[in-house]
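Here is the structure we will look at.
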Amino acid sequence: NNSNPLKLTESSGILYPYYFGDDPRVKLKNIKNIQSKTGDIFLCSYPKSGTHWIMEMVNMLVAGSIEHPTKFNFLDPMIISDQVLDSIPCPRIFQSHLRFNQLPASFLKRKGKIIYILRNPKDVSVSLYHFVQKEGRTKYTGKWDEFFQLFLNANVGYSSWFDHVLSWEREKEKGRHPIHFVFYEALQKDAVTELDRMSKFLSLNHPHSFLQSVAECSKFTKMRNQQYLYHPFPADVMDDNYIDYLFRKGIVGDWRTLFSEEQSMQLDEVCKAEMSDSKLAFSYE
Ligand code: A3P
């Protein structure tokens, strides 16, 4: 299907990946109605912003141990049933690419804690381009130049990166809800400082030495070499090679391998226009 090369579905102006089904409203409603439990935590992000990395870190912070089975409770593709949700040990750490107002109503009412992960849009688009080519049910076959236009025009899963980030920034600025921002690039620069901030945000008081161990154990090469015990995707989506494309390069600045000078300037222009009200600053190197 040329008009929809990423096989997306649409609801209220936002595009969703195949795992939302033909009518995303059904799944969105089920998610909205999830009964929150005390201590539930959400890790939210636009796709390819470093969610697996943060998930690993937060799992360790919450468990207070670096020896724990990694659970990846990625809500969006999950089968939303009481049985599945109740089987997750508390405190439950969920991950989602949805916007703030799409999270479970009871979780928002309870003012549960949310960590929002951000990464510069050039690296996000390149990471996403590699991902959609490999992902079992998407298998995008277009060239980078075409994909770049899809990304700029919000014709990708979860639609506009700019809108996603801005909507979360607005929500954080309102100050009505505990939302903590973590930048992928800041984690690369100084993971321990960011871990300390996350730890404090989660009301955990971990000593420096433990944070250092967490930083060490969640390094790219370590995570790449370990198997996830739980991933909610069907086998045809997360095939045996999934480690290769979930943990691809893990660096800042890989966008230079695909972006032309012109594309870089074009994205800078769009960023300037779309993010004129934003106080966020992204680093690209
Ligand atoms: P690249 O494709 O640029 O390598 P997400 O987890 O949100 O899907 O994001 C995936 C991106 O995070 C990939 O980027 C992946 O390599 C990177 N990543 C995953 N684990 C990482 C880690 N431990 N350290 C640094 N980057 C990591």
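The values are calculated or read from the model by the stated rules, or taken from the named source; none is laboratory data. Model, not experiment: these values are computed from the prediction. Backbone-built Cβ (ideal geometry, glycine too); neighbour counts: all protein chains shown.
Assorted remarks:
- Residue list for segment 35-76, restricted to those being farther than 25 Å from Lys109 by Cβ and part of a loop (DSSP other than H, G, I, E, B): Pro47, Lys48, Ser49, Gly50, Gly64, Ser65, Ile66, Glu67, His68, Pro69, Thr70, Phe72
- Subset of segment 267-277 that is in a loop (DSSP other than H, G, I, E, B) and loosely packed, with under 15 Cβ neighbours inside 10 Å - its residue that is modelled with the highest pLDDT: Ser276
- Long-range neighbours under 7 Å by Cβ, at least six apart or interchain, first residue more than 30 Å from Leu8 (Cα to Cα) and more than 16 Å from the ligand (Cβ to nearest atom) within segment 55-81, second modelled with pLDDT of 95 or more and not in a loop (DSSP other than H, G, I, E, B): Val62/Ile93
Conditions (1) touching a Cys at 6+ places or on another chain (Cβ under 6 Å); (2) surrounded by 20 or more Cβ atoms within 10 Å (Cβ to Cβ); (3) without any contact (Cβ under 8 Å) to a residue 24 or more places away in the chain; (4) more than 28 Å from Gln149 (Cβ to Cβ), marked per residue:
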{"site": "Pro89", "(1), (2), (3), (4)": "no, no, yes, yes"}
{"site": "His97", "(1), (2), (3), (4)": "no, yes, no, no"}
{"site": "Ala105", "(1), (2), (3), (4)": "no, no, no, yes"}
{"site": "Lys111", "(1), (2), (3), (4)": "no, no, no, yes"}
{"site": "Tyr116", "(1), (2), (3), (4)": "yes, yes, no, no"}
{"site": "Pro121", "(1), (2), (3), (4)": "no, yes, no, no"}
{"site": "Ser125", "(1), (2), (3), (4)": "no, yes, no, no"}
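- Of all the listed residues (Lys143, Lys139), the sole one being closer than 24 Å to Tyr242 by Cα and at pLDDT below 95 is Lys139.
- For first residues located in segment 246-268 and among the small types (Gly, Ala, Ser), partners that are exposed (fewer than 14 other Cβ atoms within 10 Å of the Cβ) and lie 6+ apart or on another chain with Cβ distances below 6 Å form the pairs Gly253/Glu285.
- Check on Asn30, within 16 Å of the ligand (Cβ to nearest atom), assigned to a helix (DSSP H, G or I) and free of Cβ contacts under 8 Å to residues at least 60 places away in the same chain: no
- Test result for Asp40, away from the ligand (no atom under 16 Å from the Cβ) and crowded, with 19+ Cβ neighbours inside 10 Å: yes
- Among the residues of this structure, Tyr158 does not count as one that is surrounded by 16 or more Cβ atoms within 10 Å (Cβ to Cβ), hydroxyl-bearing (Ser, Thr, Tyr) and under 23 Å from Gly253 (Cβ atoms).
- Of all residues making up segment 102-130, the number that are among the aromatic types (Phe, Trp, Tyr) and under 13 Å from the mean Cα position of the chain (by Cα): 1
- In the set (1) at pLDDT below 95; (2) part of a loop (DSSP other than H, G, I, E, B); (3) over 24 Å from Thr138 (Cα atoms); (4) not small (Gly, Ala, Ser), Gln227 fails one condition alone, (3).
- Residue count for segment 237-266 satisfying the condition of being away from the ligand (no atom under 16 Å from the Cβ), of a type outside the set (S, T, N, Q) and either at pLDDT 95 or above or touching a Cys at 6+ places or on another chain (Cβ under 6 Å) (or both): 3.
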